[in-house]
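The structure under discussion appears below in the form of structure tokens.
A short reminder: the numbers here are calculations on the coordinates, not readings from a lab. Note that the coordinates shown come from a computational prediction; the quantities given were computed from them, not determined experimentally. Here the Cβ positions follow ideal geometry from the backbone for every residue, glycine too, while neighbour counts run over all protein chains shown.
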Amino acid sequence: MLHTVEPAPRAPAPGRESDAPSPSPSALRGMSFDAGSAALAPVQMNVAAASGQLTGAQVSSAVRYNKGRGLTHAQWRGIQAQVGTAADGLVGPNTVRAVARWQASHGLTADGKVGPATLGKINAGGGGAAPGAGGGSHGVALGPAQVTAAVRYNKGRGFSAATVRTIQQQVGSPADGVFGPNTVRAIATWQRSHGLEVDGKVGPATAGKLGVKAGGGGAQPVGGSNSQKLSYAKSHATAIGLRITSTTGGKHAPNSYHYQGRAIDVAGSASKMRQFYHDMHAMHPTELFYDPLGGVKNGKDIGAIGGHGDHVHVAF
Ligand SMILES: [Zn+2]
């Protein structure tokens, strides 16, 4: 619904609040407006806000605000999955508009900003989930996409079966040593009762509170050796559903890191390659090439180098 907003002819004097109570957005639904009446301009703006429409300036402001929230790519992917936009982990105008629409349909201020109230409602699985849906029996409703993401994340952390059983015992889920949807939902409930971010993922904070450690190459070794990082890259690529298309074999430039055993190429869906690129980018790789997103050489972002449109190359 787009209307030209014109200045109201009888604006209240500066410093004075209007005496007329403004109708609540819900009271406005179903009413029809004379678009030519300038006196209705403020009402039209309320309707636009209630339906989640934002101006360009509001979108820019919300993008800036959201980027300043200090949320991880993984957290953004979870938020994006909840609000129904492409889950690439990056905060842009499309995400902001989807957040605004989601806010409007969940009784929140539709400003596109993921502030505490919005994040709380998103973490609770949207708040509107029917009891019994998702994790309803545990009292915390993660959305199906969140559950799937958490299962994948937890499996990629490299916990031993014994450690998974320990986790399951602590969160009150049957201790079969395998991460599945029920374990993830029990973890989410446990996280909520322990004041942690409720995402079902056994990340560093949750693992610390549970008193467990990721084993082998499971945890993302940001400060580890290059070979530890490469081994994590391999297991992470597989864990998120990508396939490794080249390690030391194949045809590469003569001085390629592939021949030194320091590089891998991975391929799969575009969204997973994007996720992999972002996850690797956080680990300060020696080389990282994926043309749709750019490239890194010796720790510096150098932009796309070409020849890497259908796979991600990473070297440590
Ligand atoms: Zn390569």
### Query
Is it true that His278 is under 24 Å from the mean Cα position of the chain (by Cα) and surrounded by fewer than 15 Cβ atoms within 10 Å (Cβ to Cβ)?
no
### Query
Out of Gly250, Gly309, which single residue is surrounded by fewer than 19 Cβ atoms within 10 Å (Cβ to Cβ) and near the ligand (Cβ under 9 Å from one of its atoms)?
Gly250
### Message
Out of the residues in segment 253-266 meeting the condition of being assigned to a loop (DSSP other than H, G, I, E, B) and surrounded by 12 or more Cβ atoms within 10 Å (Cβ to Cβ), tell me which one is nearest to the ligand (Cβ to nearest atom).
### Response
Ser256
### Task
Consider only pairs whose beta carbons are under 8 Å apart and that are at least six residues apart or on different chains; among these, list those whose first residue lies in segment 265-290 and is over 9 Å from His311 (Cα atoms) and whose second residue is of a type in the set (Lys, Arg).
Gln275/Arg77; Met283/Lys229; Pro285/Lys229; Thr286/Arg262; Thr286/Lys297; Glu287/Lys297
## Note on the structure
Subset of segment 71-86, residues outside any helix (DSSP H, G or I) and within 18 Å of Met273 (Cβ to Cβ), comes to Ala86
### Task
Considering each residue of segment 269-306, count those that are more than 14 Å from the ligand (Cβ to nearest atom) and closer than 16 Å to Leu230 by Cα, and give that number.
8
